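Q: Before I ask anything, here is the structure I am working with.
Every number here is computed from the coordinates shown, using simple stated rules; none is lab data. Keep in mind the model is a prediction, meaning the values are calculated, not measured. As a convention, Cβ positions derive from the backbone with ideal geometry for all residues, glycine included, and neighbour counts pool all protein chains shown.
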Amino acid sequence: MNKWTIYVIALGVFLTATSELVVSGILRVLAKDLNISIAFAGQLITAYSLAFAIGTPILVSLTSRLGRRKVLLGAMAAFIMGCLLSFWSSDISTLIASRIILGVSSGVYIVAAFGAAAKIVPPEKIGSAISTIVLGFSSAMILGVPIGISITNWLNWHAIFLILALMSLLVTFVIFRLLPEIEGDAPTSFRQQFKVLGSAVIVSGLFLTFFRESGNSVLFTYLTPFMQDILQLKASNISIVMLVFGIFGAVGTRFGGYGIDRWGAARIIAFSTIVHIVVLALLPLFAGSTLIGLLLISIMMVSLFMAGPATQTYFIQQEPQSSSLVLSLNTSIIHLGLATGAGAGGAMISANSTVLYNPWMASFIIVLALLSAFISFSMGKKRLSNLQKRLTL
C-alpha cells in the first residue's frame, strides 16, 4: 500500500469538514442571497448536525461488515452528490436537503476513515494514524473556512461546493486505485452491536466526550466576543488570531498522536484534560490582559486537539470488534455536546450580561469529563483483570 494513502483519506476528511464548517463563515451571505433571516439560515447548521448525529450511527451499523474501502467510496460518492446539490441550490429547501446528505455522508466517511487508519498501520502506530485523520479536520479550521470565505468573496458561495465536489472526485479516484480492501468489523447482528452501550467502559467514555465537548462549546461558541470584550482584542486582528489558534490545534493533534504511541491513550486524555481545566479556570483572572489571555487560549487549543486522537484511539482499543459503531456514536455525542454547550453558554451570558464567566462554567463541566474518564479507565482495568483471570483458569 502506498504510504501516502492515509494522507489522501485525511484529505477527504478535510473536504467533508470544510463543508460543515464553512457555512458558519458565510451565513450572512447565504441569508442575503436566499432572502431569508440569519436565524433561518442558521437552520442549515442544525440540519447538518442532526443528520450527522442521527444518521451516522444507523448507517455505520448497517455497513459495519463491509470493507472499509467500499464504505469510504460509497460515502464519498454520496458526499459528492450533496455538494453538487448545494451547488445547484437556489432556495433554502433544496439547500437544507443537501445539508442532510452532506451531514450523513460526512459522518459515515470520517468513521470509516478512523477504522481504515487503525487497520492499515501496525498497532504501535495507531495513535499517529488517528492523529493524521484528526489533522484533516483541524486543517479545515485553519485553511478550509478562510479559503471558503475567500472563494465566496471572489466568485460566489455556490463555487465552494463545486470545488469541493471536484476535489472529492479526485480523492475518490485515488482511494479506488491505491487503497486495498480492508475488512470491516467482525460479523455481529445489529442488536449485538448495540450491546456495547451496556459496557460501563464505553458509556463512561461517551460521557467524557459529551462533557468535554459541552465545556468546549460554552466558550468556543462565544470565543470572538470573549476576545473582543474581555481580552480587548481588536476586531481587525480576529482572523489572524484564529489562524494562529488553528496552527496550535494542528500541533496539538500531531503531539497527541506521538504521545499515544509513546505513553498510551488514557494518559494523554488525562493530561490534556487537566491542562484544559486549569487554563479555563485561569482565563477570567486575566481579563484585559490580551497577551496572557491569548497565550492561555493557545495552550488550551493544544490540549484540546491532543485529546481528539487519544479519545478515538481509546475507543478503538476498548472495542476493536465494534469500533465503527462506537466511533459513530462518539461523533454523534460530539455534536450533541456542542449544541448543549452553546445553549448553556448563551444562558450564562444572558444571566450575567457578560461572557467573562463562561470559562469558569466550561472548566466545571470539563471536570465532569475528567471524572468520567477516570471511571472509564478504572472500569477498563477491571475488565482486563477479569479477562486475564478467566484465561488463566
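Q: What base-10 log of the normalised intensity I(q)/I(0) is obtained for segment 1-184 from the Debye formula, alpha carbons as equal point scatterers, at q = 0.09, 0.12, 0.20 Å⁻¹?
A: The Cα Debye sum returns log10 ratios of -0.31, -0.54, -1.34.
Q: While we're looking at this one, here's another question. Between F173, I100, L295, whose Cα lies farthest towards the positive end of the dipole of the chain when Lys and Arg beta carbons carry +1 and Asp and Glu beta carbons carry -1, centred on the Cα centre?
A: Result: F173.
Q: List, largest first, the extents of the alpha carbons of segment 303-353 along their principal axes, each in whole Å.
A: Projected onto the principal axes, the Cα atoms of segment 303-353 cover 48, 22, 11 Å.
Q: If you stretched the chain out fully between N153 and S90, how much longer would it get, using 0.36 nm times the residue separation minus the C-alpha to C-alpha distance?
A: 20.9 nm
Q: Can you give me the span-like helices of the chain, meaning DSSP H runs with 24 Å or more of Cα extent along the axis and Kyte-Doolittle mean at or above 0.5?
A: Helices meeting the span and hydropathy rule in the chain are 5-25, 43-62, 68-88, 92-119, 157-178, 200-220, 238-263, 265-282, 290-318, 323-352, 358-392.
Q: Summing +1 for each Lys or Arg and -1 for each Asp or Glu, what net charge is found among the other residues whose Cβ lies under 12 Å from the Cβ of K70? Display every interim value, and only then the final one.
A: Working: positive: R65, R68, R69; negative: E181, E183.
Around K70, the charge tally is +1.
Q: Could you give the size of the charge dipole of the chain about its Cα centre, using +1 on the Cβ of each K and R and -1 on the Cβ of each D and E, expressed in debye and rounded to the nearest 20?
A: Here the chain has a charge dipole of around 980 debye.
Q: Bin all alpha-carbon pair distances of segment 7-60 at 5 Å intervals from 0 and give each bin's fraction as a whole percent.
A: 4, 17, 20, 21, 18, 11, 7, 2
Q: By count of other Cβ within 10 Å, fewest leading, how are H335, H158, H276 ordered?
A: H158, H335, H276
Q: Using a cut-off of 14 Å between beta-carbons, work out the net charge of the residues near I274 (Lys and Arg +1, Asp and Glu -1, I274 not included).
A: +2
Q: Total Lys pairs in the chain closer than 23 Å by alpha-carbon, pairs eight or more apart in sequence or interchain only?
A: Pairs that pass both the separation and distance tests number 10.
Q: Right, something else. How big is the C-alpha Rg of segment 1-92 next to the rule-of-thumb value 2.2 N^0.38 Å, as a ratio? Mind dumping the intermediate values first?
A: Numbers: Rg = 15.7 Å, N = 92, 2.2 N^0.38 = 12.3 Å.
With N residues counted in segment 1-92, Rg over 2.2 N^0.38 Å equals 1.28.
Q: So, one more: Give the residues of segment 279-299 whose amide nitrogen is closer than 19 Å to a point set 7 Å from the Cα of F364 in the direction of its Cβ.
A: Residues passing the 19 Å test: 279-286.
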